[in-house]
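Just below is one structure, and these are the notes that go with it.
What follows is calculated from the coordinates using simple rules that are stated; it is not laboratory data. All of these numbers come straight from a predicted model, not from anything done at the bench.
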Amino acid sequence: MQAFLKNRTPKAPIKTPNHPPRRHDAQRGEMSREEEVCVRFLSCADIPSLLELEQKKWTDDQRADAAMLAARIAAFPALSVGAFCARSGTARASLFMKPTRHDHIRQCSTWADCARKQHGDESARTGALFGISLSSVDPKAANAVFEFFWPYALKQGWSDVYLGSPVPGLRDWLSKNPDTPVTRYVQSQRQGLPLDPQLRYYFKKGFRRIVAIRDNYFPHEPSLDVGVLIQGKVPLSGLSFIWKRLPLSWLQRMKKLFFVCL
Ligand SMILES: CC(C)(COP(=O)(O)OP(=O)(O)OC[C@H]1O[C@@H](n2cnc3c(N)ncnc32)[C@H](O)[C@@H]1OP(=O)(O)O)[C@@H](O)C(=O)NCCC(=O)NCCS
């Protein structure tokens, strides 16, 4: 599978305008370039920029160091995606994934267990991925990363993505609702959306199934280290027999449709 994925690493990055141009024509070139993000599969050359992003978004006990980033990219280059500012080249969003097995991921109790490379991962043909890490300083860049990856996912036969979400509203909620089970908070909804802001974020991205709630999952103070294993479907993956036969470029042309189908 890994060899298959490597052969399909894109030769040219894809540029995604973040906003429609708004200024006078003379200024438009500069404006749209400033706002453009360039999305591509990651290489080790991106590590300095990725480290800056890690620094912005994670605390000392959470963030990945250069060796961890290099190991993720080396293990699964076709499952490591980044969005970069087209003008400055700085990393705006990154997503690292690995293949997993449904039964295995459900048994793992911590993020480290879920993220650890397992013997046979490369050849696993389960259709399931685990999202090791998502970091973003720009919601449009995060969207562009998913938009970039979904066509590859369909082509390669990935159908499910698991990830462990923090629940940053938990600590405050428990202080107001002591003696209430954590499960109640995790399952609470307001107007059809999860109460917790990060679960709500992932819900809107199509990660709607709560699989498990894990104590001591990952160091995250506002979440009291609780992690919620959630599962999302790759949009349109139910028709994978069709997508596997279509050229990748056709799927890439359909990219806006993926968000409608979440
Ligand atoms: C989660 C993350 C990737 C989202 O990045 P993004 O797409 O650029 O979007 P934002 O950070 O602007 O957040 C979007 C919304 O989700 C909410 N949200 C997401 N994560 C949140 C968190 N940890 N705490 C509070 N709110 C959060 C935001 O409040 C925001 O809500 P709004 O639209 O009502 O303002 C980014 O915040 C990040 O890198 N966080 C730190 C690392 C992390 O938690 N990664 C995911 C681990 S599974």
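Observations on the model:
- Translational diffusion coefficient (Stokes-Einstein; Kirkwood radius from C-alpha pairs) of region 129-184 at 10 °C, 1.306 mPa s, in µm²/s: 112
- Which listed pairs, of K117/K155; K155/K233; K57/K140; K204/K233; K117/K140, have C-alpha distances above 21 Å, in listed order: K117/K155; K117/K140
- Orientation-averaged projection of the chain equals 15.3 nm² [convex hull of Cα atoms, one quarter of hull surface area].
- For the chain, built as a Gaussian network whose Cα springs stay under 10 Å, the top-fluctuating residue of K117, K233, K176: K176
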